[in-house]
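One structure is given below, encoded as structure tokens.
Quick note: the coordinates plus some simple rules give every number you see, no bench work behind them. As the structure is a computational prediction, the values presented were derived from the model and not from experiment. Note that we place each Cβ from the backbone using ideal geometry, even for glycine, and neighbour counts take in every protein chain shown.
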């Protein structure tokens with residue numbers, strides 16, 4: 001699925017109109033939570049989903065209306081009834097869902113377009129942002145703040161600006177890493193929507209969100225079993241780089257979802273490969289010596305995820321006594337008794353999703369993942385037998 005940010009960037013480049021629907025509050029249960037987003041193009045196409053099909057048809061009609069008017073609306077869908085004649089349809093979406101639907105006009109640069117242009121600018125520079133939007137008045141989302149690690153900006157008045165900035169900082173530090181599936185080139189994080197009162201005692205509704213660039217994932221080894229790995233991980237929003245020393249394997253037809261294909265042996269990596277902190281890495285060269293060299297290359301890089309394909313005992317032999325490593329997952333993937341490249345790719349994707357969303361390393365009892373220790377190698381848990 002093409003990502004939310006990617007589609008938005010295309011609309012901006014073409015100076016087109018597009019409608020964005022964002023879940024800003026959920027009371028009770030719902031198929032997706034706050035921060036989930038989808039887009040409606042002026043030609044009627046939709047990108048993404050907010051529900052299991054309960055809302056999209058109505059949202060599509062309403063999107064056409066806001067696009068024609070150039071306005072925004074705050075919609076409420078009450079899906080709490082199990083009556084088949086109501087929104088819920090007995091699907092288990094039994095909550096009340098509040099959706100911000102906004103027309104974004106990149107030609108006339110309305111308020112929504114200005115907001116999203118600023119967000120896209122930060123994302124294109126590789127900066128994660130947290131945002132606050134004042135949704136207290138239906139149809140008016142022009143009061144906002146956007147913050148990154150360096151600055152906070154936006155057309156927010158002086159009234160309670162400092163208080164909102166404090167909330168933004170708290171939100172940025174508290175929110176746990178969780179990718180929204182509208183991912184993409186970039187992914188959207190967990191949100192919350194506190195309600196407070198202004199100086200006149202009137203209730204105010206603020207929506208907080210966290211948006212970051214697409215996370216980088218490196219697959220070291222471009223064999224046939226890497227093909228389904230790249231395919232499924234590309235679908236869940238990673239910017240994937242495949243590294244292999246065989247030019248014939250570095251083929252766009254084999255890896256259509258890869259962002260970069262790099263011809264390099266591990267001995268050439270210092271000159272040809274740059275793996276930044278915060279990346280995800282999978283080692284699957286099927287060569288013991290190459291795997292060992294890649295592990296040495298990765299020493300000192302702080303990774304979100306490091307997975308090594310192969311059985312437990314092989315990984316033990318790969319790791320020297322004095323090596324330093326980040327969080328290690330081996331055998332790679334959740335233990336779902338996977339068989340064959342496609343099923344293994346599913347198990348790895350599930351493990352990476354859990355790491356990505358949890359915001360913290362699972363305990364060894366939960367998944368066989370060992371916490372990072374910069375002074376010693378981390379060995380896999382013994383409860384996996386692959």
In Å and whole numbers, how far do the C-alpha atoms of segment 216-367 stretch along each principal axis, longest first? 41, 35, 27
Whole-number Å³ per residue for the convex hull built on Cα positions in segment 222-267: 64 Å³
On each of the three principal axes of the Cα atoms of segment 275-356, give max minus min coordinate, whole Å, ordered largest first. 32, 25, 18
Please arrange 116, 294 by counting, for each residue, the other beta carbons lying within 10 Å of its beta carbon, fewest first. 116, 294
Residue order, fewest to most beta carbons within 10 Å, for 337, 144: 337, 144
What is the fewest-to-most order of 4, 205, 171, 255 by other Cβ atoms lying within 10 Å of their Cβ? 205, 171, 255, 4
Report the relative contact order of segment 216-367, percent, no decimals, based on alpha-carbon pairs under 8 angstrom and at least 6 residues apart. 21 percent
With no solvent and one equal point scatterer per Cα, compute the Debye intensity ratio I(q)/I(0) for segment 249-303 at 0.24 Å⁻¹ and report its log10, rounded to two decimals. -1.16
